[in-house]
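Here is the structure we will look at.
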Amino acid sequence: MSRITAHRLTEMKRAGEKIVVLTAYDATFSALCNSNGVDVILVGDSLGNVILGYDSTVPVTMTDMLHHTRAVARGNRDALVIGDLPYMSYGTLEQTLSNSAALMQAGAHMVKLEGGAWLADYVRALTERGIPVCAHLGLTPQSVDALGGYKVQGRDAESAAKIIADAKSLEAAGARLLVVECVPSTLGKQLSDALSIPVIGIGAGVDTDGQVLVLHDMLGLGEKRPKFVKDFLTGEAGGIGAAIAAYGKAVRERKFPTKDHSFS
Ligand code: KIV
């Protein structure tokens with residue numbers, strides 16, 4: 001199998017094939033994702049919470065992201081690897097370009113940044129320089145202090161319209177993928193219908209073009225289990241690899257997420 005590209009993800013959206021995304025932070029789990037059918041590996045800054053023990057992603061640095069992106073790249077074969085730009089690593093255009101270049105040189109095939117239309121110029125500059133970009137809207141964990149906590153976003157008509165406008169502006173600037181986190185399922189569907197690029201949901205309902213979960217959540221390792229998470233390991237006889245395969249199968253067959261994992 002040849003490596004999954006951004007182009008292939010757009011083809012999958014057009015063909016109505018669900019895209020399976022999972023976070024990974026090291027070579028072993030990267031290889032397990034490869035052997036169990038994961039299309040996209042996100043080296044998420046969620047590593048701050050699940051690997052480094054912080055209570056948010058705010059303390060995560062470029063040094064952390066580069067270290068883990070290199071490890072994931074070493075274990076990867078076929079998946080598209082996305083590297084997260086951590087907190088304040090894209091505060092200026094110069095920072096955005098040099099930190100994105102560093103993530104690509106560490107083995108990422110795409111970079112992800114959190115925020116709305118204000119990032120359009122940065123997304124355009126990266127796109128013009130050949131760096132594929134994944135945008136991230138809805139609940140953006142790096143802004144947890146400004147948002148007042150980990151809350152569902154886009155619940156009222158005005159904030160939902162702003163998220164759709166932000167998404168269109170980032171798509172027009174060249175973004176190749178959108179992650180949308182913790183929004184009502186109606187908004188997840190509206191975004192997927194409105195954009196040509198694939199929309200990957202996490203807590204965004206059943207109708208997005210693909211699904212992402214944090215690895216530790218889908219293995220049932222978290223102390224808390226948010227509504228949008230399902231533990232695929234407990235009761236799975238085949239161990240961790242089989243749990244990853246079961247997650248991919250459930251996403252592809254539209255059995256996960258269900259309405260019970262969605263916000264109304
Ligand atoms: O950092 C991360 O793992 C993420 C996902 C929650 C989408 O951004």
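The values are calculated or read from the model by the stated rules, or taken from the named source; none is laboratory data. Just so it is clear, the model here is predicted, and its values are computed rather than measured. Positions of Cβ are backbone-derived with ideal geometry, glycine not excepted, and every protein chain shown enters the neighbour counts. For accessibility, only protein heavy atoms count, side chains too; no ligands or nucleic acids. Shrake-Rupley method; radii C 1.70, N 1.55, O 1.52, S 1.80 Å.
Yes or no: region 58-80 includes at least one residue that is open to solvent by less than 20 Å² (accessible area, probe 1.4 Å), under 20 Å from Ala146 (Cβ atoms) and in a helix (DSSP H, G or I).
Scanning region 58-80 turns up no residue that is open to solvent by less than 20 Å² (accessible area, probe 1.4 Å), under 20 Å from Ala146 (Cβ atoms) and in a helix (DSSP H, G or I).
Take Leu97 and decide whether it is touching a Ser or Thr at 6+ places or on another chain (Cβ under 8 Å) and either within 16 Å of the ligand (Cβ to nearest atom) or not basic (Lys, Arg) (or both).
Numbers: touching a Ser or Thr at 6+ places or on another chain (Cβ under 8 Å): no; either within 16 Å of the ligand (Cβ to nearest atom) or not basic (Lys, Arg) (or both): yes.
Judged against the criteria, Leu97 is not a match.
Do we find a residue being of a type outside the set (Asp, Glu), more than 16 Å from the ligand (Cβ to nearest atom) and either out of contact with any Gly (no Cβ under 9 Å at 6 or more places or on another chain) or at negative phi (or both) anywhere in region 144-151?
Of the residues in region 144-151, the ones of a type outside the set (Asp, Glu) are 144, 146-151.
Those left that are additionally more than 16 Å from the ligand (Cβ to nearest atom): 146, 148.
Among the residues that remain, those that are also either out of contact with any Gly (no Cβ under 9 Å at 6 or more places or on another chain) or at negative phi (or both) are: 146, 148.
Within region 144-151, one or more residues are of a type outside the set (Asp, Glu), more than 16 Å from the ligand (Cβ to nearest atom) and either out of contact with any Gly (no Cβ under 9 Å at 6 or more places or on another chain) or at negative phi (or both).
Within region 235-264, which residues are outside any helix (DSSP H, G or I) and either closer than 22 Å to Gly53 by Cα or modelled with pLDDT of 95 or more (or both)? Break it down into steps so the answer makes sense when it comes.
Within region 235-264, the subset outside any helix (DSSP H, G or I) is 235-238, 253-258, 262-264.
Once the filter is applied, which keeps residues that are outside any helix (DSSP H, G or I) and either closer than 22 Å to Gly53 by Cα or modelled with pLDDT of 95 or more (or both), region 235-264 yields Glu253, Arg254, Lys255, Phe256, Pro257, Thr258, Ser262, Phe263.
On the basis of being within 16 Å of the ligand (Cβ to nearest atom), surrounded by 20 or more Cβ atoms within 10 Å (Cβ to Cβ) and of a type outside the set (Val, Ile, Thr), does Tyr87 make the cut?
Numbers: within 16 Å of the ligand (Cβ to nearest atom): yes; surrounded by 20 or more Cβ atoms within 10 Å (Cβ to Cβ): yes; of a type outside the set (Val, Ile, Thr): yes.
For Tyr87, the condition - within 16 Å of the ligand (Cβ to nearest atom), surrounded by 20 or more Cβ atoms within 10 Å (Cβ to Cβ) and of a type outside the set (Val, Ile, Thr) - is met.
Just checking, which of Met110, Met104 is closer than 28 Å to Ala27 by Cβ, buried (at least 21 other Cβ atoms within 10 Å of the Cβ) and of a type in the set (A, V, I, L, M, F, W, C)?
Working: Met104 fails: buried (at least 21 other Cβ atoms within 10 Å of the Cβ).
Matching residue, one of Met110, Met104: Met110.
Out of all the residues in region 183-205, which are surrounded by fewer than 24 Cβ atoms within 10 Å (Cβ to Cβ) and under 29 Å from Asp26 (Cα atoms)? Show your work before the answer.
The first filter runs over region 183-205 and keeps only residues surrounded by fewer than 24 Cβ atoms within 10 Å (Cβ to Cβ), leaving 184-186, 189-190, 192-197.
Scanning region 183-205 gives a single hit, Ile197.
Output the residues belonging to region 9-57 that are farther than 28 Å from Val144 by Cβ and without any contact (Cβ under 8 Å) to a residue 60 or more places away in the chain.
Across region 9-57, the qualifying residues are Glu11, Arg14, Ala15, Gly16, Ala27, Thr28, Ala31, Asn34.
Within region 116-131, work out how many residues are open to solvent by less than 30 Å² (accessible area, probe 1.4 Å) and in contact (Cβ under 8 Å) with a residue 40 or more places away in the chain. Before the answer, list the steps.
Taking region 116-131 and keeping what is open to solvent by less than 30 Å² (accessible area, probe 1.4 Å), we get 116, 119-120, 123, 125-126, 131.
Of the ones still in play, those that are also in contact (Cβ under 8 Å) with a residue 40 or more places away in the chain are 116, 119-120, 123, 126.
Qualifying residue count for the region: 5.
Within region 103-145, which residues are among the small types (Gly, Ala, Ser) and more than 23 Å from Val50 (Cα to Cα)?
To start, the set of residues in region 103-145 that are among the small types (Gly, Ala, Ser) comprises 106-108, 115-117, 120, 125, 130, 135, 138, 143.
Scanning region 103-145 gives Gly116, Ala117, Ala120, Ala125, Gly130.
Which pairs do you get when a residue that is hydroxyl-bearing (Ser, Thr, Tyr) and away from the ligand (no atom under 16 Å from the Cβ), found in region 168-185, comes within reach of a residue that is open to solvent by less than 10 Å² (accessible area, probe 1.4 Å) and part of a strand (DSSP E or B), reach meaning Cβ atoms under 9 angstrom, with the pair 6+ apart or on two chains?
Short answer, once both residue conditions are applied: Ser185/Gly201.
Are there any pairs with C-beta distances below 8 angstrom linking a residue in region 203-227 that is more than 11 Å from the ligand (Cβ to nearest atom) and at pLDDT 95 or above to a residue that is open to solvent by 30 Å² or more (accessible area, probe 1.4 Å) and among the small types (Gly, Ala, Ser), with the two at least 6 apart or on different chains, and if so which?
Once the first residue is more than 11 Å from the ligand (Cβ to nearest atom) and at pLDDT 95 or above and sits in region 203-227, its partners that are open to solvent by 30 Å² or more (accessible area, probe 1.4 Å) and among the small types (Gly, Ala, Ser) give Gly205/Ser185; Val206/Ser185; Asp207/Ser185.
Quick one: in region 21-57, of everything that is more than 11 Å from the ligand (Cβ to nearest atom), open to solvent by 40 Å² or more (accessible area, probe 1.4 Å) and not aliphatic (A, V, I, L, M), which residue is farthest from Ser89 (Cα to Cα)?
Ser35
Can you find even one residue in region 1-11 that is within 16 Å of the ligand (Cβ to nearest atom), farther than 18 Å from Ala243 by Cβ and at pLDDT 95 or above? Outline the logic, then answer.
From region 1-11, those within 16 Å of the ligand (Cβ to nearest atom) are 9; that's our starting set.
If we keep only those that are farther than 18 Å from Ala243 by Cβ too, we end up with 9.
Filter once more, keeping what is at pLDDT 95 or above: 9.
Scanning region 1-11, I find at least one residue that is within 16 Å of the ligand (Cβ to nearest atom), farther than 18 Å from Ala243 by Cβ and at pLDDT 95 or above, so the answer is yes.
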